[in-house]
Amino acid sequence: MIKDFAKGLWKENPVFVQVLGMCPTLAVTTKALFGLSMGLATTFVVVSSGLVISSIRRFVPDQVRIPMFTVIIATFVTAADYFLKANFFQISKALGPYVPLIVVNCLILGRAEAFASKHGVARSGLDALGMGVGFTCALVVLGACREILGAGTVFGARIMGEGFTNWIIMVLPAGAFITLGLLVGGFNIIDKKVSKKKG
């Protein structure tokens, strides 16, 4: 069962391996805090919906399976969106429409269809948690890289010297694509080296 959790962290990482959820990944990661917030919201939704879908999977007819999954996911997305608006309004405002758009995130519907609808509650929960944590880590790393180079800070704390010139491109969409491409490339290089050592 540990494998169900661990695969989302590395082997089947939603961002660096499966390349899922690219819209929020590229749009909200101008800062590490925004990446963390989106990652936690997505983790809450994927875990909660996965547990519910797994527990009712035997009672849902195949004809209405996808619409039922969407309604369940939308319920938890709404809860996450309202929670952020009520308690962290500035973060909610910064994330904009991307929290409500979690409903159509390929990661969540994909896990619901590929795993939660076919396995028990415990395994589905671990799978969803692993995917959520892997997604969150990827967003935080991407956000931290862009924030460090784009603003000289990470989680708002200045780490670059006063003479550092901010890379404006890092706060623009192009910076997101460049950084993600470099991170995916680095991830693949490390993964190949690890695989060779195991082999």
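At a glance:
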{"item": "Top positive-direction residue, dipole computed over the chain with Cβ charges, set GLN90, GLY152, LEU142", "result": "LEU142"}
{"item": "Whole-number percent relative contact order across the chain, with pairs defined as alpha carbons under 8 Å at least 6 apart", "result": "36 percent"}
{"item": "All lysines inside 21 Å of LYS192 as judged from Cα atoms, apart from same-chain residues fewer than 8 positions distant", "result": "LYS3, LYS7, LYS11"}
{"item": "Electrostatic dipole magnitude of the chain [Cβ: Lys, Arg +1; Asp, Glu -1; Cα centre; debye, to 20]", "result": "580 debye"}
{"item": "Charge dipole of the chain about the Cα centre (unit charges at C-beta), most positive-ward option of PRO14, VAL28, SER48", "result": "PRO14"}
{"item": "The chain - Debye-derived log10 I(q)/I(0), Cα point model, q = 0.18 Å⁻¹", "result": "-1.19"}
{"item": "Exposure proxy ranking, count of Cβ atoms within 10 Å, fewest first, for MET160, MET68", "result": "MET160, MET68"}
{"item": "Amide proton proximity set for VAL154, modelled H, under 5 Å, gap of 5+", "result": "ILE159"}
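Only the coordinates and a few stated rules stand behind these numbers; no lab work does. This structure is a prediction, so every number in the text was calculated from the model and none was measured. Cβ coordinates were reconstructed from backbone atoms using ideal geometry, including for glycine residues, and neighbour counts include every protein chain displayed.
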